[in-house]
Amino acid sequence: MKKQFFCLLGACVCGMMLLAGAVSCEKMNVEDAGDGSKTNVVLRVGSIEQVPFELSRTRGRDVNGVCSRLNFLVYQDGERIRQISQTSDDDVFGEAQIQLPKGRYFLVVLAHSSNGNPTSTDARKIGFTNTTGFTDTFFYGDSLIVENKDLSRTLELKRITAMVRFIPYDEIPANAGRIRFYYTGGSGTLDAGNGGWGVVNSKQSQWYDLTHQEEKFEIYTIPHGDDDELTVTATTYKEQTDNIATERKIEGVPVLRNHITICRGYLFAPVYHMEYEITVDDRWSTDSLYFEF
């Protein structure tokens, strides 16, 4: 009787092992291209066009030193069919493996440091919002042809944003607890099919909680072209309230892709201080813009 019991138990164990092995193998199967061949696409972010101010040129070419989020997006016939989102905490940050059948696709990769991922259903309107935030953003967009053999591609991402840096001459009011920069004229949405240029006229905003140690404030936008100008309203609010302490409206601030516009002036003073000084810093590109307000 014992012998029969152990034989039956052994048969059950073997059956379970075979079933587990079958399930495991099924999970490891790569996607079939439809004609018996199997494909695998490996994408690596190899370099970044320029660097943030705080980083050296050599370190800035490493994606880990430039951004905290990556989005790998694959489109076919105008429809997004694959997406992989990564954060800098991921072990594979900067590399994506995507299984695709044979065919022609359009690949988009975004590097940024927003609080969340952009909306990306439509490649012509990939959008960041005031909730996720606007940051230094880098872009890659190109066709991707998948055939029977595996494909590996190393990518270079280029900056698509402009930055405006405000350096106030005057001190932050003692009763101010936070400041909001509300600006129009640029875009928070890019057209991946047109080189990542801005595609809508966005109403953007950036908030700062004030410590009264700030010496500068920075905002980002995606230009529509080389002749964009921002209208910026800087509003400070009294501590722990929605009551306005000061407000300044600054018009005609020029922005260029891959340039920093430096604005120096009286940010908190009464409106009769109208001097503006604008510069464009050459540590992003080769020209400098100055705007005094």
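The values are calculated or read from the model by the stated rules, or taken from the named source; none is laboratory data. Since the model is a prediction, treat every value here as computed from it, not as a measurement. So basically every Cβ, Gly included, is an ideal-geometry build from the backbone, and we count neighbours across all protein chains shown. With ligands, DNA and RNA removed, areas are computed over all heavy atoms of the protein, side chains included. Shrake-Rupley method; radii C 1.70, N 1.55, O 1.52, S 1.80 Å.
Residues in region 213-245 that are out of contact with any strand residue (DSSP E or B) (no Cβ under 8 Å at 6 or more places or on another chain) and either of a type in the set (V, I, T) or farther than 30 Å from I126 by Cα (or both): Q213, D242.
To keep it simple, each residue is scored yes or no on (1) modelled with pLDDT of 95 or more; (2) assigned to a loop (DSSP other than H, G, I, E, B).
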| position | (1), (2) |
| --- | --- |
| K149 | no, yes |
| T154 | no, no |
| G177 | yes, no |
| Y183 | yes, no |
| Q206 | yes, no |
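Within region 77-87, the set of residues being open to solvent by less than 70 Å² (accessible area, probe 1.4 Å) and at pLDDT below 95 comprises just one member, G78. Candidates are the residues of region 212-239 that are in contact (Cβ under 8 Å) with a residue 40 or more places away in the chain, in a loop (DSSP other than H, G, I, E, B) and out of contact with any Gly (no Cβ under 6 Å at 6 or more places or on another chain); the one that is surrounded by the most Cβ atoms within 10 Å (Cβ to Cβ) is E214. Checked against the criteria, D226 counts as farther than 20 Å from T135 by Cβ and under 22 Å from the mean Cα position of the chain (by Cα).
Out of A111, A96, one residue alone is small (G, A, S), in a strand (DSSP E or B), surrounded by 13 or more Cβ atoms within 10 Å (Cβ to Cβ) and without any contact (Cβ under 8 Å) to a residue 60 or more places away in the chain. It is A96.
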